Amino acid sequence: MTVPVKARVQKYRDALRRSGLRPVQIWVPDTRRPGFAQECRRQCLLVTQADAADTQLQRLMDEALAEIDGWQA
């Protein structure tokens, strides 16, 4: 006899809970939505403009980059 899907899923979830895990639901942007790519571009341009205006941040990043010279992956 086959175990119903609902029962199998519940058994699986119960096992995960017993192992110390808990379910979490995460909502993320729908990349298929019309206008998604354009909104990404718009936000990227804003970040680029903000970064270009922040010379102190650029200096800090250049210094940090200089310190990793010779690191191996």
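A short reminder: the numbers here are calculations on the coordinates, not readings from a lab. Only a predicted model underlies this, so the values are computations on that prediction, with no experimental measurement involved. Note that we place each Cβ from the backbone using ideal geometry, even for glycine, and neighbour counts take in every protein chain shown.
Here the range 36-73 is the region considered, the condition is being in a loop (DSSP other than H, G, I, E, B) and among the acidic types (Asp, Glu), and the residue that is surrounded by the most Cβ atoms within 10 Å (Cβ to Cβ) is ASP54. Summed over the range 18-35, residues that are under 16 Å from the mean Cα position of the chain (by Cα) and either of a type in the set (D, E, K, R) or not in a loop (DSSP other than H, G, I, E, B) (or both) total 1.
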